[in-house]
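Accompanying notes for the structure given below.
We did not get these values from a lab; they are worked out from the coordinates using the rules stated. The structure displayed is predicted, hence computed values, not measured ones. In this analysis, Cβ positions are derived from the backbone assuming ideal geometry, glycine residues included, and neighbour counts consider all displayed protein chains.
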Amino acid sequence: MDSRNPAQFDAHKELMLHLVTRGFRVQTPLRNLKGEYASLETFGSSQHMVRLLSYLEGDLLKTISLTNDIAYKLGQTVARLADSLTSFSHEFYTMYRSIWMLSELHRLSSFLFVLTEPSRVHTVESVLAKFQTQVMDRINSFQHGVIHGDINEQNILLSLDS
């Protein structure tokens, strides 16, 4: 997250508050002494947005033995998250661009130089070409919206009551 971008901070705040209203136990922004969710502060010669988030008790998923029950509940939660995000929008996300977005797939080919084996380069080029024709050429017919995009064992907290 860019700590110099107030619009991004606002979008994150609104997203967290949206998820809370949908019953998710997520960190939430707390108001500062001025009653604001974030403030622009100067550190040395640069300015950055600063915010305070609530604390959540729990253990990272990576530290827990994954059982079938936990995996099932995790799948349900991720599905509920995806469903909840369909009703969220924020102006920031309509303008935001990141290399991790589907619309930016064309930029990935500029990173193929890191692959040293020609067979791997060929495989990636083949996958990118198929993805272009099977997905990107029809992208406007798909539903657009915000997705989490980075659900992994280091981004999930588990607790006895979750």
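Annotations for the structure displayed:
- Matching residues in segment 83-123 - criterion: being charged (D, E, K, R) and either in contact (Cβ under 8 Å) with a residue 24 or more places away in the chain or not in a loop (DSSP other than H, G, I, E, B) (or both): 83, 91, 104, 107, 120
- Qualifying positions in segment 61-77 - of a type outside the set (Gly, Ala, Ser), exposed (fewer than 13 other Cβ atoms within 10 Å of the Cβ) and either touching a residue at least 60 places away in the same chain (Cβ under 8 Å) or in a helix (DSSP H, G or I) (or both): 62, 63, 68, 69, 72, 76
- Exclusive hit being closer than 22 Å to residue 156 by Cα and in a strand (DSSP E or B), set 51, 80, 25: 51
- Test: residue in segment 62-73 that is under 29 Å from residue 37 (Cα atoms) and among the hydroxyl-bearing types (Ser, Thr, Tyr): no
- Close pairs from segment 129-152: first in a loop (DSSP other than H, G, I, E, B), partner polar (S, T, N, Q), Cβ under 6 Å, at least 6 apart: 145/86
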